Amino acid sequence: MTGHEAGTAGAADTARPCYDAIVLAGGAAERLGGADKPGVSIGGRALLDRVLTACRGADRTVVVGARRATVRPVRWARETPPGGGPLAALDAGVRQTSAETVLVLAADLPFTGDATVRRLIDALDRSGREAALLTDGDGRDQPLVAVYRTEPLRRELALIATEYGHLSGLPLRLLTQELESERVAAEPLDSFDCDTWEDIAAARARIREHGHVLDEWITAVKAELGIELDVDIRVLLDLARDAAHGVARPAAPLTTFLVGYAAAKSAGADAEAVAEAARKAAALAERWAAETGSTGGSGGPGDAGSAGAKGEASS
């Protein structure tokens with residue numbers, strides 16, 4: 001899928017770079033007691049589905065591993081032999097790709113998102129090198145959080161297979177040491193992976209922290225409903241507050257639902273349609289609250305809710 005990025009005012013749109021994605025979802029998960037690691041739930045979503053959301057800009061996504069239900073359409077591949085390790089899995093995946101660039105991610109990265117992917121692709125484009133690898137806080141390369149130029153990747157995999165007679169069980173460093181690579185320093189949690197139950201518990205706790213829980217929830221709901229629309233959450237929260245305080249508490253969720261419904265029915269069902277519907281509803285809530293105040297709190301259908309909400313807010 002080729003999109004366009006908005007440029008500066010008056011400038012022509014520039015084509016976004018196209019790429020394919022390979023997600024490695026095999027392995028025995030020995031440190032999880034053989035549990036189905038890609039299917040483990042973090043924030044109500046399987047680990048694999050969280051990683052697939054980070055790949056949503058890819059033209060084609062190939063998952064190397066056992067078939068399963070996924071939140072996004074993918075192609076499936078299997079390494080030879082099954083469980084043959086990351087080089088064998090990469091080889092199986094890259095055979096299914098056609099773009100000049102491939103994004104490679106492990107399936108156990110709960111916090112790797114669009115921003116990480118974009119930084120890697122931008123670094124590869126700027127550098128002109130054969131790969132861009134994320135490096136963790138200790139400076140270690142993360143070859144399964146990386147983008148590669150497809151032809152050098154295929155070349156090196158073929159050379160390794162020729163030299164050793166196979167790819168099964170061989171370490172990733174045999175690949176990365178031969179490629180001209182750009183290093184990209186990881187942001188916090190970019191390369192956090194879930195190898196143990198302690199890691200999974202830490203990831204589950206982190207997404208419930210006050211500073212993250214709302215974004216995590218909205219992302220999960222959008223994934224569950226198949227919605228890719230990005231809206232300004234603050235606009236909707238402000239609307240919900242105004243409706244709760246100026247009308248009645250139940251008005252908050254009902255109003256935001258109606259805003260979404262109105263936006264979906266509009267000719268341009270996009271983020272601007274949501275914002276416009278929210279502005280109209282917020283203005284109505286303000287007019288409603290003003291009338292309630294001018295009558296001294298009598299006669300309006302939202303008087304009790306409004307007084308209660310304001311009283312609680314000030315306590």
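For the range 48-81, residues that are of a type in the set (A, V, I, L, M) and assigned to a strand (DSSP E or B) total 4.
Filtered by the rule that a residue be surrounded by fewer than 21 Cβ atoms within 10 Å (Cβ to Cβ), hydroxyl-bearing (Ser, Thr, Tyr) and under 21 Å from the mean Cα position of the chain (by Cα), the range 62-109 gives a lone residue, Thr70.
May I ask you to list the residues in the range 47-61 that are closer than 16 Å to Ser98 by Cα and surrounded by fewer than 23 Cβ atoms within 10 Å (Cβ to Cβ)? Matches in the range 47-61: Gly57, Asp59, Arg60.
For Val94, the test of being in contact with a Lys or Arg (Cβ under 7 Å, 6 or more places away or on another chain) and either farther than 30 Å from Ile207 by Cα or of a type in the set (Val, Ile, Thr) (or both) is passed. So, in the range 111-122, of the ones that are open to solvent by less than 10 Å² (accessible area, probe 1.4 Å) and not polar (S, T, N, Q), which residue ends up farthest from Thr196 (Cα to Cα)? Among those that are open to solvent by less than 10 Å² (accessible area, probe 1.4 Å) and not polar (S, T, N, Q), it is Ile121.
The values are calculated or read from the model by the stated rules, or taken from the named source; none is laboratory data. Bear in mind that the values here come from a model prediction, so they are computed numbers and not experimental data. All Cβ positions, even for glycine, are placed from backbone atoms using ideal geometry, and neighbour counts span all protein chains on display. Ligands, DNA and RNA are stripped out before the accessible areas are found, and what is left, the full protein with its side chains, is counted by its heavy atoms. Shrake-Rupley method; radii C 1.70, N 1.55, O 1.52, S 1.80 Å.
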